1. What are the residues whose amide H is under 5 Å from the amide H of MET66, where those residues sit 5 or more places off or on another chain and H is modelled from the backbone?
2. What are the ³J(HN,Hα) values, in whole Hz, obtained from phi via the Karplus relation 6.51 cos²θ - 1.76 cosθ + 1.60 with θ = phi - 60°, for each residue of region 4-15 in sequence order, with x given for Gly and Pro?
3. May I ask you to sort LYS2, LYS46, LYS71 by Cβ crowding, counting other Cβ atoms within 10 Å and putting the fewest first?
4. Residue by residue through region 87-100, which ³J(HN,Hα) values in whole Hz follow from phi under the Karplus form 6.51 cos²θ - 1.76 cosθ + 1.60 (θ = phi - 60°), with glycine and proline marked x?
5. For ARG45, what charge total do you get from the other residues with a beta carbon under 10 Å from its beta carbon, if Lys and Arg give +1 and Asp and Glu give -1?
6. Rank these for me by crowding, HIS145, HIS103, going from fewest to most other beta carbons within 10 Å.
7. Taking other Cβ within 10 Å of each residue's Cβ, how do TYR13, TYR136, TYR147 sort, fewest first?
8. Return the label of the correct value of volume of the Cα convex hull per residue in Å³, as calculated from the structure shown, out of [x] 132; [y] 143; [z] 110.
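Read-outs: derived from the displayed coordinates by stated rules, not from any lab. Predicted model, so just to flag it, every value in this text is computed and none were measured. Positions of Cβ are generated from backbone atoms using ideal geometry, with glycine treated the same way; all protein chains shown enter the neighbour counts.
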Amino acid sequence: MKAGPERELVERYFDRFSKAGPPLGLEFAGVNEIPESRGQTVELRKAEEAQRIHEALDHGAALILMDERGKALGSEKFAERIGRMRDDGKRQLIVAIGGPDGHDPALRSRADLVLALGELTWPHQIARILIAEQLYRAATILAGHPYHRS
């Protein structure tokens with residue numbers, strides 16, 4: 001992600017999550033950008049991108065796929081799902097934003113959650129900001145912190 005206000009917001013919320021998460025048993029793995037595949041077909045591109053994501057995954061990590069065909073959750077339900085993943089022993093959360101062709105079916109079946117940011121399509125930079133903020137918000141909800149007001 002290029003330097004600028006979007007990056008600053010992402011870093012701010014990921015920094016907050018990296019401080020709020022560990023006392024709750026949650027870890028921030030950092031940002032790992034996976035280059036878009038240049039494969040000849042949609043299926044090949046999705047398979048190559050899925051392979052790169054699989055290679056970046058720790059075995060016990062929770063995988064959250066961002067996909068426009070995913071499930072839209074409110075902040076409290078999202079926090080509840082994160083809490084369940086943690087309770088199942090998955091301390092590390094990996095969030096993968098789908099490319100223009102979406103995610104490979106094998107990766108979707110491996111995911112702990114396939115999540116949509118509503119029905120709108122967002123640029124990756126804005127999606128990243130929204131995800132970073134929602135991860136921090138989820139941590140504050142789980143901690144009973146007043147950041148989130150229901």
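1. ALA96, ILE97, GLY98, LEU115
2. Along region 4-15, the couplings run x, x, 5, 4, 4, 5, 4, 4, 4, 6, 5, 5 Hz.
3. Ascending number of Cβ neighbours within 10 Å: LYS2, LYS71, LYS46.
4. Once θ is set to phi - 60°, the couplings for region 87-100 become 5, 7, x, 9, 6, 8, 10, 10, 10, 10, 8, x, x, x Hz.
5. Net charge in that neighbourhood comes out at -4.
6. HIS145, HIS103
7. TYR147, TYR13, TYR136
8. [z]
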